[in-house]
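The values are calculated or read from the model by the stated rules, or taken from the named source; none is laboratory data. Remember, it's a predicted structure, so these values are computed and weren't measured experimentally. Neighbour counts run over all protein chains shown; Cβ positions are idealised from the backbone, glycine included. Please note that ligands, DNA and RNA were not included when accessible areas were found on the heavy atoms of the full protein model with its side chains. Shrake-Rupley method; radii C 1.70, N 1.55, O 1.52, S 1.80 Å.
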Amino acid sequence: TQIISPIEDNDVEKWSIGLPKARFWDAMDITQWEGYWFGPGLLKPALTFRSSFQARDDDVILASTMKTGTTWLKSLSLCILKNHDDCKHDMLATENPHFHVPTIESALFSAKPLHFDIYDASGPRLLHTHLPYVVLPDSVKESDCKVVYLARNPKDTLISMWHFFNSFLRPDQKPFPLEKAVDCFCSGLHQYGPFSDHVAEYWLESQRRPDKILFVKYEEMKSDPKGQVSRIAEFLGRPFGEEGQVDDVLWRCSLERLKNLEVNKKGSILLNVPNTSFFRKGEVGDWKNYLTSEMEDRINQTIGLKLEVLGLIL
Ligand code: A3P
């Protein structure tokens, strides 16, 4: 059993007094730490994770910023890692993917108690984080555990985020104006933002250590699902063997199937967030239905350019 040093609420409050604060849309207060913005209640678990988590060599850590297809990556990795057998037991039919693969720093907000102790679970542990690379525990960076990072086109990510937060507004609340949402996104003012820094750090690290970090693009998963899912399976040391296995996993994890499962049509795995909010269209280029060409230009000229100079086109 690992020793966990709990960080007291009071200490976090005192420590964070001097950190920059802002308001994210009309939704929440956010605090900046290590160059990134964090929503309420996330700093304590992030600090606890960083100071107490001991990665093991057989851990698999999924990483992504918000609304890039995390739910899909969690489902696929679950099927891949559980040796395709548990997949046949259909874990995805009984619980939402976020239950099986908790997001470490937001496990605190889980509406259901975690069914395993992330510190003490038997291996291989499959966990997820939205945390930027810079604040990951040293042991994650230094051990042989594997990291799979999922990135997505910034304009589709923003539109997905906009729909996500709109999906659980109170009846008296109006959607946040898209124009202002674009401003916030371009200046990095959102949970786990700036988007470009989040993606860039993992991208550079994946270039430096390709055996350690696999960088996956949502768009490539959509255009070549078999190729990309096989790539993830190989990276995790669990290549598909039998004929038809990859098709089976893809079908089990498809948006259409997950969206229509009873377990995802009702209830809430994350406090105040209906499970339905995690499944929408899953299309590449949906931003074209929402953004004006001026908004498109602004995102291209800020986030797009920053990534392009690193050789990354999303
Ligand atoms: P859209 O809002 O563009 O439809 P996250 O899981 O990181 O919160 O990201 C949510 C986005 O991933 C949503 O995008 C959602 O529809 C899409 N998504 C969820 N499950 C998916 C799946 N099984 N396959 C493809 N896309 C999926």
**Asked** Can you tell me which residues in region 243-261 are open to solvent by 40 Å² or more (accessible area, probe 1.4 Å) and in contact (Cβ under 8 Å) with a residue 12 or more places away in the chain?
**Response** Asp247, Asp248, Leu255, Lys259
**Request:** Could you look through region 267-288, keep only residues that are open to solvent by 30 Å² or more (accessible area, probe 1.4 Å) and at pLDDT below 95, and pick out the one that is nearest to the ligand (Cβ to nearest atom)?
**Result:** Leu270
**Asked** Hey, any hits in region 102-113 for a residue that's in contact with a Pro (Cβ under 8 Å, 6 or more places away or on another chain) and more than 18 Å from Leu271 (Cβ to Cβ)?
**Response** no
**Residues satisfying the stated conditions in region 289-305, i.e. open to solvent by 60 Å² or more (accessible area, probe 1.4 Å), over 21 Å from Ala200 (Cβ atoms) and of a type outside the set (Gly, Ala, Ser)** = Asn289, Tyr290, Thr292, Glu294
**Request:** Select, from Lys74, Lys67, Lys82, the only residue that is at positive phi, basic (Lys, Arg) and touching a helix residue (DSSP H, G or I) at 6+ places or on another chain (Cβ under 9 Å).
**Result:** Lys67
**Message:** Quick check on this structure: which one of Asp59, Asp117 is more than 16 Å from the ligand (Cβ to nearest atom), acidic (Asp, Glu) and touching a residue at least 24 places away in the same chain (Cβ under 8 Å)?
**Reply:** Asp59
**Message:** When you check Arg170 against the structure, is it among the basic types (Lys, Arg), open to solvent by 60 Å² or more (accessible area, probe 1.4 Å) and assigned to a loop (DSSP other than H, G, I, E, B), yes or no?
**Reply:** yes
**Request:** Residues being open to solvent by 50 Å² or more (accessible area, probe 1.4 Å) and either farther than 27 Å from Ser187 by Cα or modelled with pLDDT of 90 or more (or both): count how many of those fall in region 15-58.
**Result:** 14
**Request:** For region 217-264, name all the residues that are within 15 Å of the ligand (Cβ to nearest atom), farther than 20 Å from Val148 by Cα and not in a helix (DSSP H, G or I).
**Result:** Leu261
**Message:** Suppose the filter is without any contact (Cβ under 8 Å) to a residue 24 or more places away in the chain, away from the ligand (no atom under 14 Å from the Cβ) and surrounded by fewer than 22 Cβ atoms within 10 Å (Cβ to Cβ); does Arg209 pass it?
**Reply:** yes
